[in-house]
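Student: Below is the structure I would like to discuss, written out as structure tokens.
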Amino acid sequence: MTKFFGDKAFYKRVLMIAMPIVIQQLITSSVQLVDNLMVGSLGELAIGAVSVVNQLYFVVIIVTFGAMGGAGIFSAQFFGSKQHDKLRQTFRFKLLISLILSSTAILIFSLFGEYFIGLFTDNPVTISWGMDYLNIAKWVMIPLTVSSAMSTTFREIGITKPLLRISSIAILLNVVLNYLLIFGHLGFPKLGIEGAAIATLASRTLEFVLLYLLLVFRGKAFNTSLLKIFKIDGLLFKMIVITAIPLVINEFLFSFGQTFFMQSYATRGDNALAAINITNAISQLVFITFGGIGTAVAVFVGNTMGKNKLKEAKENSMKIIVFAVIFAFVLGLVLFILSFFVLNLYDISTETEYIAKFNIRVNAFMIPVISLYMVLYFTLRSGGDTRSTMIMDSGYIWVVQVPVIYVLSRFTQLPVVILYLIIQSLELPKVVLAYSRYKKEYWLRNLAVENDENAMRLMNKQSM
């Protein structure tokens, strides 16, 4: 039994590392739900407009997540092996990538924003409102991606509590400004959907400023000057890129696949589009475990492998798998109970409510499966096994799920709830693939040692 369950000290440390992230994401998800309700008071078309723009943001965020993850694999292991100079270099890589991605996203949204929104809906009101929101909120990309570079590195070295406080402050500002600017309270102008965009931009900017201050005072292990952003060892840069490319490709294809799903659901009308947005907002209240899982794996598996304690890393991974699945069962029950009354908070049609309620209950049953997949995914990634994660994640989506949803949405009259049920059920075979790869233990590697060995080989070749 000790193979699957740790002692009290183990779980205490897991909770100390993971819970601040879980609480942070719980607060974020709760506020997103409040935002959803505020925007929803403007009508279902407003919900649809914001959901489409947020889906475009999702692509950028998830690609950023992939790029940060590629460097983060090394960050966790370099911190474990106390190679702080190389830890700083991985952080520089993150900063460089964040600036490239945010600038590219702003350019694309400026040139093609209306076209992308039009892929989801042909309703001119939804498109117009979506552009009103996008024209302001696109500037969120810069503070959002740079903040991601800082916050992910803090997580990878085990500093999580300050991130919770920073996130809470930024989220509080977002809620207050939403209340003031969407509805025009306390003398503020009534800006509607544009007010929601301004609130998002302001809160993300404040989050960036607070994270920078945290970097100055608590990030000495990896803090660096922007003037040194290109100062990255060539071999290390190559290793990070080789590791990160599959992750970036995977996250892009994954996010594009999710966007394709939403576009397919939208073929069933504005009610379906609004219902999917509501489903996601409410389901995020329990999907919060995923960020904690990733952080726990980085610390208990990634840091441990960096210390060359491979057997302990393997044991830790199994204990986290069991813990994550059991915890997910509890959260699934909570989500199922929420489905009976939480939709009463929305001013939506009976049809939209029915779709959202059905989909939420599907997610309630699926969260243990998705949680198991996520911990397997992060474990494989922690040892640099990124090619296999790309194949079983985005590869599976585009080979299996996308063709299925394409055929069913275009050539059948199946209702959106059945489409959603089928796509979510197709997560089951993916878990089997992930566990099969996990059992082969290709991920059980000390990348910090491998980097040093590769550097030595290069030096020996150059000296010959």
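A short reminder: the numbers here are calculations on the coordinates, not readings from a lab. Bear in mind the structure is a predicted one, so any value in this text is a computation, not a measurement. Counting neighbours? That spans all protein chains shown, and the Cβs are built from the backbone with ideal geometry, glycine included.
Student: So what's the Cα pair-distance distribution over the chain, bin width 20 Å, in %?
Tutor: 24, 59, 17, 1
Student: While we're looking at this one, here's another question. So for the pair V322, K12, with labels modelled 7 Å out along Cα→Cβ, what separation do we get in nm?
Tutor: 2.0
Student: Tell me, what HN-Hα J-couplings in whole Hz come from the Karplus equation 6.51 cos²θ - 1.76 cosθ + 1.60 at θ = phi - 60° for each residue of segment 412-418, using x for Gly and Pro?
Tutor: Whole-Hz 3J(HN,Hα) from phi for segment 412-418: 9, 10, 4, x, 4, 5, 6.
Student: K238 to T267: extension gain in nm, 0.36 nm per residue of separation minus the Cα-Cα distance?
Tutor: Extra length available between K238 and T267 comes to 6.1 nm.
Student: Further question: Which of T243, T379, T205 has the fewest other C-beta atoms within 10 Å, and how do the rest follow up to the most?
Tutor: Fewest-to-most ranking of T243, T379, T205: T205, T243, T379.
Student: How would segment 55-206 be classified by its alpha-carbon gyration tensor: rounded, prolate or oblate, with rounded meaning a/c under 1.5 and the a/b versus b/c comparison settling the rest?
Tutor: Judged from the Cα gyration tensor, segment 55-206 comes out oblate (a/c at least 1.5, b/c at or above a/b).
Student: Can I ask one more? Using alpha-carbon positions, what is the distance between the centroids of segment 161-209 and segment 389-409, in Å?
Tutor: Result: 36 Å between the Cα centres.
Student: Let me ask something else. So how much slack lies between K161 and V399, counting 0.36 nm per residue of separation and subtracting their Cα-Cα distance, in nm?
Tutor: 81.7 nm
Student: Let me ask something else about it. Rank the residues K231, K319, K94 as a footprinting-exposure proxy: fewest other Cβ atoms within 10 Å of their Cβ go first.
Tutor: Fewest-to-most Cβ neighbours within 10 Å comes out as K231, K319, K94.
Student: Just want the answer: with Cβ charges of +1 for Lys and Arg and -1 for Asp and Glu, which residue in A244, V369, I182 is farthest toward the dipole's positive end in the chain?
Tutor: A244
Student: Moving on. Under the classification rounded if a/c is under 1.5, otherwise prolate if a/b is larger than b/c and oblate if not, where does segment 181-310 fall, given a ≥ b ≥ c as square roots of the Cα gyration tensor eigenvalues?
Tutor: oblate
Student: Excluding residues fewer than 8 places away in the same chain, name every one of the lysines whose C-alpha is closer than 18 Å to that of K161.
Tutor: Within the straight-line limit of under 18 Å, K161 reaches these lysines: K12, K220.
Student: Using just the helices of the chain, give the 222 nm mean residue ellipticity in deg cm²/dmol: DSSP H runs with n ≥ 4 each add -39,500 (n - 2.57), and the total is spread over all residues, rounded to 500.
Tutor: -26500 deg cm²/dmol
Student: Listed highest first by mean packing, meaning other Cβ atoms within 10 Å per residue, what order do 154-162, 95-103 come in?
Tutor: With the highest mean Cβ count within 10 Å placed first, the list reads 154-162, 95-103.
Student: Run the dipole for the chain about the Cα centre, Lys and Arg Cβ at +1, Asp and Glu Cβ at -1, nothing else charged, and hand back the magnitude in debye, nearest 20.
Tutor: It comes to approximately 2020 debye.
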